[in-house]
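Beneath this line is the structure, given in structure tokens, with notes to follow.
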Amino acid sequence: MTFRNLVVALLSLALLQTGGIEPAAAATGQERARTAKSTATKKAPVRYTIRKKTAKATMVRKGTVRKATVRKPVLRKVSARRSLAAPLAPRAPVEVRPEVDRLGNPQLRSAAFVVVNQATGEVILEKKSDSVLPIASITKLMTAMVVLDGGQSLSEEIVITEEDLDTIKGTGSRLALGTRLTREQLLHLALMSSENRAASALGRNYPGGIAAFVQAMNVKARLVGLGDTHFSDSTGLDPANVSSPRDLVRMVAAASTYPLIRQFSTSSEDHVEIRGRMHRFGNTNSLVRSPEWDIDVSKTGYIREAGRCLVMQARLLDQPVIIVLMDSDGRYTRTADAVRIKKWLEAVGAQRVASIVPGGNG
């Protein structure tokens, strides 16, 4: 050991004995330098405080305040269907009121119509009520009256033949050639589902054939007082079958005296076996299935020349009211007009049913 090293060892021993330094500090000078550098470069933790909900946020770091830009949060639209929030409050019910003209009458889409209180005979509404127009399958109401007046057996079977095919409009039918149904079944299908082959077969099997049947229809029309009415066939496919709204009121009133016509024209559906298979036939007037209506007689009609037609006898405000709607251009216009009339009558009150409302023939 050199003299220099001996001196350093003696001095270190003396310092330890006098408590000049702690044992942990006895590291070499090089180690102490590395530790000091590491401590000096180590950063203190940073605290962030958002003062306001703005695009700028204040950051506090060791007492030094400086501002930094913070990105705005991105708002995402959440579909109401997928939202877990409370459901939207239901909308308040909207009161449906019929549109009225300057006279306070409902605005109907049918080209010609009349509404009559059957109990008093007074006209409630009318437009072109004297116009003579094709009536299409409204004809079948008269067909049914002549069949029932004829007194033929309702249980007699009738066969659908080629003579019953539609050669005027080319319409189809589920009553295939050779189908055998009773007169009562054919009458039911003619009134409820407006089956043309059924109406044709009924007329063809009348005593004297179809010519005698059509003659009986026109005689019945005169007896009922239908001066504007003429029939050329038993189905209504021939546009030469014509009448006026005023005449049809009388025809509906006459038909309402036949219990079977009331029953068959307002039944909602029937199932008929044809060639071993059951077929469902429904009523062409959807209103007969509505619990809001009390209908005693119903018949629809349509050919291109006549437009959409509807006649009904119904109880409105506890009174028998006959509604005749002719030449509606839309598929659902005739039933929509009937609903408008019903809502209007309910809105104006029972006293209007028995009073004449000015309307003219427009």
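The values are calculated or read from the model by the stated rules, or taken from the named source; none is laboratory data. As the structure is a computational prediction, the values presented were derived from the model and not from experiment. Here the Cβ is made from the backbone with ideal geometry for all residues, glycine too, and neighbour counts use every protein chain on show.
Check the stretch 153-174 and report whether any residue there is charged (D, E, K, R), surrounded by fewer than 21 Cβ atoms within 10 Å (Cβ to Cβ), in a helix (DSSP H, G or I) and in contact (Cβ under 8 Å) with a residue 24 or more places away in the chain.
Residues of the stretch 153-174 that are charged (D, E, K, R), as a first pass: 156-157, 162-164, 166, 169, 174.
Right, trim to surrounded by fewer than 21 Cβ atoms within 10 Å (Cβ to Cβ) and you get 156-157, 162-163, 166, 169, 174.
Next, from what is left, pick out any that are in a helix (DSSP H, G or I): 162-163.
Then drop every residue that is not in contact (Cβ under 8 Å) with a residue 24 or more places away in the chain, which leaves 163.
Within the stretch 153-174 (the criterion being charged (D, E, K, R), surrounded by fewer than 21 Cβ atoms within 10 Å (Cβ to Cβ), in a helix (DSSP H, G or I) and in contact (Cβ under 8 Å) with a residue 24 or more places away in the chain), the answer is yes, since at least one residue qualifies.
Give the stretch 180-203 a look and list any residue that's hydroxyl-bearing (Ser, Thr, Tyr) and either within 20 Å of Leu310 (Cβ to Cβ) or touching a helix residue (DSSP H, G or I) at 6+ places or on another chain (Cβ under 8 Å) (or both), or say none. Matches in the stretch 180-203: Ser193, Ser194, Ser200. Based on this model, can you work out whether Arg277 counts as surrounded by fewer than 16 Cβ atoms within 10 Å (Cβ to Cβ) and either in contact with a Phe, Trp or Tyr (Cβ under 6 Å, 6 or more places away or on another chain) or free of Cβ contacts under 8 Å to residues at least 60 places away in the same chain (or both)? Spelling it out, Arg277 is indeed surrounded by fewer than 16 Cβ atoms within 10 Å (Cβ to Cβ) and either in contact with a Phe, Trp or Tyr (Cβ under 6 Å, 6 or more places away or on another chain) or free of Cβ contacts under 8 Å to residues at least 60 places away in the same chain (or both). Note on the stretch 332-350: residues that are closer than 21 Å to Thr120 by Cα, in a helix (DSSP H, G or I) and not basic (Lys, Arg) total 8.
Checked across the stretch 236-249, the condition of being surrounded by fewer than 16 Cβ atoms within 10 Å (Cβ to Cβ) and either part of a loop (DSSP other than H, G, I, E, B) or aromatic (Phe, Trp, Tyr) (or both) holds for at least one residue.
Taking the options Ala190, Ala111, name whichever one is more than 22 Å from Leu316 (Cβ to Cβ), touching a strand residue (DSSP E or B) at 6+ places or on another chain (Cβ under 8 Å) and modelled with pLDDT of 95 or more.
On the way: Ala190 fails: touching a strand residue (DSSP E or B) at 6+ places or on another chain (Cβ under 8 Å).
Answer to the check: Ala111.
Tell me yes or no: at least one residue of the stretch 252-266 is part of a strand (DSSP E or B) and surrounded by 21 or more Cβ atoms within 10 Å (Cβ to Cβ).
Quick first cut of the stretch 252-266, residues part of a strand (DSSP E or B) only: none.
No, because not a single residue in the stretch 252-266 is part of a strand (DSSP E or B) and surrounded by 21 or more Cβ atoms within 10 Å (Cβ to Cβ).
Taking the listed residues Phe264, Phe281, the one that is under 24 Å from the mean Cα position of the chain (by Cα), over 27 Å from Arg109 (Cβ atoms) and not charged (D, E, K, R) is Phe281, with no other qualifying.
Note on the stretch 278-329: among residues that are modelled with pLDDT of 95 or more and hydroxyl-bearing (Ser, Thr, Tyr), the one that is nearest to Ile168 (Cα to Cα) is Tyr302. Looking at the structure I just gave you, is Ala119 surrounded by fewer than 19 Cβ atoms within 10 Å (Cβ to Cβ) and within 26 Å of Leu345 (Cβ to Cβ)? Answer is yes for this residue.
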